[in-house]
Amino acid sequence: MLDVGKWPVFALLPPEDLRLIRQACVFGSAANEALYVTVNDEVFALGTNCSGCLGLGDLQSTIEPRRIDVLCGKKIVSLSYGTGPHVVVATSDGEVFAWGHNGYSQLGNGTTNHGLTPAVVSTNLLSKRVTEVACGSHHTIALTTDGEVFAWGYNNSGQVGSGSTANQPTPRRVSSCLQNKVVVNIACGQLCSMAVLDNGEIYGWGYNCNGQLGLGNNGNQQTPCRIAALQGISVIQVACGYAHTLALTDEGFVYAWGANSYGQLGTGNKSNQAVPTLINTDKERWVCPGGAGGPQKPCACLVGRIVEVAACHTSHTSAAKTQSGQVLMWGQCRGQAVAGPHLTHFSSTDDVFACFATPAVTWHLLSVDGDDYLTVAQSLKKEFDSPEISDLKFVVDGKCIHVHKALLKIRCEHFRTLLNENDEDSIEIHQFSFLVYRAFLEYLYTDTINLPPEDAIGLLDLATFYRETRLKRLCQETIKRGISEENAITLLSAAVKYEARDLEEFCFKFCVNHLTAVTQTQAFADMDHDLLKNFISKASRYGAFKN
């Protein structure tokens, strides 16, 4: 559970206020400014208020929270901040609001006047829905639902991607090499910008004197440039530090490049890297598949794949979280240079930045769970499989799962019919395993699933049988996140069996992109004849076997 109290700026808030916080962000040159959103969707700010960055309409500092009326009820989905600082948020409606320092037009309003209250960024964005925003020191980029990137503000090194070094006073679409491509993730260093595409390619532009663009040189780029060194590697997330970059791949590995004077690349030394370098996150990760003499490559199964990387453009600190919940940190950690990934006792990458980064700001918008206050969703989750007030139990593989008839009827058409015809307080299930059926029932209480990809196949079978479309989609997403060279064929077979077309295409493309390794697995050797025939035929059409 995330504790917002780890950030000193919140120290004076009474416990009853802390329990109401749902989202929070700490920023500023000394981590002395903060914004937070309550469970009632009210937005408050407190701190030193440099350049009007609290959005309160004045330049007065405040030790007590003050409400930002214009943002209340707006449902913030993304927030970022610059060095000035300026602050930019995206709402669930796709609107963008900006305020604070504006000396380089980083607010996107066509002026250089500081903004004392949040104002809608409208130029070229009125017909767009923005889902994610990212800020460098004095520039801003925004990602839309169409996969387009818009940029504005300071542009001395080409970080706006316009093809020049003139500052950009209003949002301008970043096109050039990104034209007709779909971007899914963005990030900013102090003076550079990065974008990940839906096909796993990654592009960078802007300042590059430390090699933070990963292009193999130190020349600035005024337009997006693909990182060729990661050809054939599918990136799913990018994070930028002050002058270094981290990229997470679909197989759970981390690559790093750029400045390294504090060990922030995690390579074990302090040498800058102008090309992506694979980070060894555990001394026992390196194995040699295929017998002695084969090429060494990392094996994520030994310590659990990395599922999140974290960095912030204000610091030289890096962090990562594994699938099993372990949190690693490296780089500048409270004045020390930690040159390799260090295992912590933290449960969240956010804790690394609260306790070890300088300044101790948040690297993204925090989601904070309260200790005592429970929302409706939290209350339902708490009562799942609790015999105290349940009125129905399922017996699967001899084990009981305690549930509530009313909730099952509300949430699932299958149970609405079944329970209207059946008034028993105990039902035996033989078609599915205990693990799968419990996960299904838990999903009805929480709207989430918590299964490894191989077990999610069984849940996909259940979702197909019960015609639970959303659950089927969640299973597919879980399987996609957990795909590896070892299990790719197994997952592909399941996708074909349960007619999950999108998942089938995803697994097929993964197999083609990692063809050599996949064809050496036992699963490939045991592949169904018809599936193998179709796979080879389709792979041939994709040109997988061309020299």
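Listed values, structure above:
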read-out	value
Of all residues in the stretch 172-183 being surrounded by fewer than 24 Cβ atoms within 10 Å (Cβ to Cβ) and either small (Gly, Ala, Ser) or under 15 Å from residue 123 (Cα atoms) (or both), the one that is modelled with the lowest pLDDT	176
Filtered residues of the stretch 38-58 (kept if outside any loop (DSSP other than H, G, I, E, B), modelled with pLDDT of 95 or more and under 24 Å from residue 15 (Cβ atoms))	43, 44, 45, 46, 47
Meets criteria (touching a residue at least 60 places away in the same chain (Cβ under 8 Å), among the aliphatic types (A, V, I, L, M) and not in a loop (DSSP other than H, G, I, E, B)) for residue 320	yes
First in the stretch 176-191 and in contact (Cβ under 8 Å) with a residue 24 or more places away in the chain, second anywhere and open to solvent by 20 Å² or more (accessible area, probe 1.4 Å) and of a type in the set (A, V, I, L, M, F, W, C), Cβ under 7 Å, 6 or more apart	177/225
Qualifying position, being within 24 Å of residue 474 (Cα to Cα) and modelled with pLDDT of 90 or more, among 536, 489	489
Filtered residue count, the stretch 106-138, keeping only those that are assigned to a strand (DSSP E or B), over 13 Å from residue 95 (Cβ atoms) and over 22 Å from the mean Cα position of the chain (by Cα)	3
Counted residues, the stretch 56-80 - those being of a type in the set (D, E, K, R) and surrounded by 19 or more Cβ atoms within 10 Å (Cβ to Cβ)	1
Filter pass, residue 317 being modelled with pLDDT of 90 or more and open to solvent by 20 Å² or more (accessible area, probe 1.4 Å)	no
Boolean, residue 396 is surrounded by 20 or more Cβ atoms within 10 Å (Cβ to Cβ), of a type in the set (A, V, I, L, M, F, W, C) and more than 25 Å from residue 507 (Cβ to Cβ)	yes
Hits in the stretch 326-355 - residues which are small (Gly, Ala, Ser), open to solvent by 30 Å² or more (accessible area, probe 1.4 Å) and modelled with pLDDT under 95	335, 347
Filter pass, residue 474 being more than 30 Å from residue 409 (Cα to Cα) and of a type outside the set (Ser, Thr, Tyr)	no
Qualifying position, being touching a helix residue (DSSP H, G or I) at 6+ places or on another chain (Cβ under 7 Å) and open to solvent by 10 Å² or more (accessible area, probe 1.4 Å), among 427, 449	449
Leading residue by the ranking (farthest from residue 137 (Cα to Cα)) among those in the stretch 197-223 that are under 22 Å from the mean Cα position of the chain (by Cα) and surrounded by 22 or more Cβ atoms within 10 Å (Cβ to Cβ)	202
Test for residue 436: is it more than 31 Å from the chain's Cα centre (by Cα) and surrounded by 13 or more Cβ atoms within 10 Å (Cβ to Cβ)	no
Subset of the stretch 141-171 [within 21 Å of residue 198 (Cα to Cα), in a strand (DSSP E or B) and either of a type in the set (Val, Ile, Thr) or open to solvent by 30 Å² or more (accessible area, probe 1.4 Å) (or both)]	141, 144, 149
Selection within the stretch 409-424 - among the polar types (S, T, N, Q) and open to solvent by less than 50 Å² (accessible area, probe 1.4 Å)	422
Boolean, residue 409 is assigned to a helix (DSSP H, G or I) and more than 27 Å from the chain's Cα centre (by Cα)	yes
Set 477, 504, 499, 486: member being within 30 Å of residue 386 (Cα to Cα) and of a type outside the set (Gly, Ala, Ser)	477
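The values are calculated or read from the model by the stated rules, or taken from the named source; none is laboratory data. Note that the coordinates shown come from a computational prediction; the quantities given were computed from them, not determined experimentally. With ideal geometry, Cβ positions are generated from the backbone for all residues, glycine too; neighbour counts draw on all protein chains shown. Only protein heavy atoms, including side chains, enter the accessible area calculation; ligands, DNA and RNA are left aside. Shrake-Rupley method; radii C 1.70, N 1.55, O 1.52, S 1.80 Å.
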